[in-house]
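Read the structure below first, then the notes.
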Amino acid sequence: MKTQPPLLYGTVAVKGLSLDFYSRALLCNFYLLCGPGIMFDCGDGAAPMLEQRIFKVKHLFLSHHHVDHAGGLPGMLYARNTLPGDKEKPLHIYYPGGNGFLAEQVAFFANTGPELGFPVYYHPLQPGQKVAVDARYQVQAYAVEHEDICLAYLLYEQRRQWPTAYAALSAEQIKRHKTNSGSAYQDVDVPIVFYSGDMAVPCDGLPQPVVTVLVDSTFLSARDRMFTSHLAVEEFLNWAGATRFQDVLYVHLSRRYTPDEAIAFIAGHGQNRIPGSQRLLWANRCIPIPQTGKGA
């Protein structure tokens, strides 16, 4: 019997969606939500890790130009062009408008586009801009501080919900409203996943609550920081105390730490009041972080 090689990427469940990932600071970062085909960043080596699963990517959102976040774009394009798969499926690539490094890459790929056997569309985005990737999902761009123009992204899912105003109505009033409107429910855009990009300070203006946040936090303590353009976990925890995150995934941590050091720091930090689950994505591993009880 033929033995399959081990997967190089990890897979975790994110509130009903499957997330394929690899997370290693300075090397490679990508986060693929397989259902809607949305991928955040495409670090160097992403295509060889994902292999045939690159055909699941319909919409690729790049946070910025650094190699561990966007260096895998050439491999992604040319692997899709040569591997057997759906060559009719278009690929949409979104990137921070005004980022000169990414603009040069896009111009190069656009000029070589006729050599590709599938359609590729490039979309520069501005902070605040919202993109409807299909009838169910939208992605909104947020400005974050980094070495160059960088974006974070918030994924919305349209869901049918029971209006909160109905809590004060009687059953007869709800029935009457349903008769008049045709439905007792309303369509609501729910913020389900926030990818922070490579940020220096936490992002302001997020709607609450956000179901899941992928927080790109290179350092545990601000004292460890080598560059002012990267976030420390303790800064995120100080900020997140006033938010309502149901699920936090810590990504992009520096290789100077071991997983045990990272988990002990996060679980034991005095400002960790996050009530939901917390997990560490370490390369292709997903490691649960013990609940501290401080968010209860």
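The values are calculated or read from the model by the stated rules, or taken from the named source; none is laboratory data. Owing to the predicted nature of the structure, the values given are computational and were not obtained by experimental measurement. Cβ coordinates were reconstructed from backbone atoms using ideal geometry, including for glycine residues, and neighbour counts include every protein chain displayed.
Annotations for the structure displayed:
- Test for Thr258: is it at pLDDT below 90, surrounded by fewer than 20 Cβ atoms within 10 Å (Cβ to Cβ) and among the hydroxyl-bearing types (Ser, Thr, Tyr): no
- Test for Phe55: is it of a type in the set (A, V, I, L, M, F, W, C) and either under 21 Å from Glu157 (Cα atoms) or assigned to a loop (DSSP other than H, G, I, E, B) (or both): no
- For Leu83, the conditions (1) closer than 16 Å to Asn29 by Cα; (2) aliphatic (A, V, I, L, M); (3) surrounded by fewer than 16 Cβ atoms within 10 Å (Cβ to Cβ) are fulfilled apart from (1).
- Among residues of the range 89-111, those that are surrounded by 20 or more Cβ atoms within 10 Å (Cβ to Cβ) and in a strand (DSSP E or B), counted: 5
- Taking every residue in the range 34-59 that is β-branched (Val, Ile, Thr) and pairing it with any residue that is outside any helix (DSSP H, G or I), at least 6 positions away or on another chain, the pairs with Cβ-Cβ distances below 6 Å are Ile38/His59; Val57/Gly37; Val57/Met39.
- If only residues of the range 44-71 that are surrounded by fewer than 22 Cβ atoms within 10 Å (Cβ to Cβ) and small (Gly, Ala, Ser) are counted, the one that is farthest from Leu7 (Cα to Cα) is Gly71.
- Which numbered condition Ser63 misses (of (1) under 14 Å from the mean Cα position of the chain (by Cα); (2) in a loop (DSSP other than H, G, I, E, B); (3) farther than 15 Å from Leu102 by Cβ): (3)
- Some residue of the range 22-30 being surrounded by fewer than 22 Cβ atoms within 10 Å (Cβ to Cβ), basic (Lys, Arg) and either outside any loop (DSSP other than H, G, I, E, B) or in contact with a strand residue (DSSP E or B) (Cβ under 6 Å, 6 or more places away or on another chain) (or both): yes
- Consider the range 38-68 and keep the residues that are among the acidic types (Asp, Glu) and modelled with pLDDT under 95. The one that is nearest to Leu27 (Cα to Cα) is Asp68.
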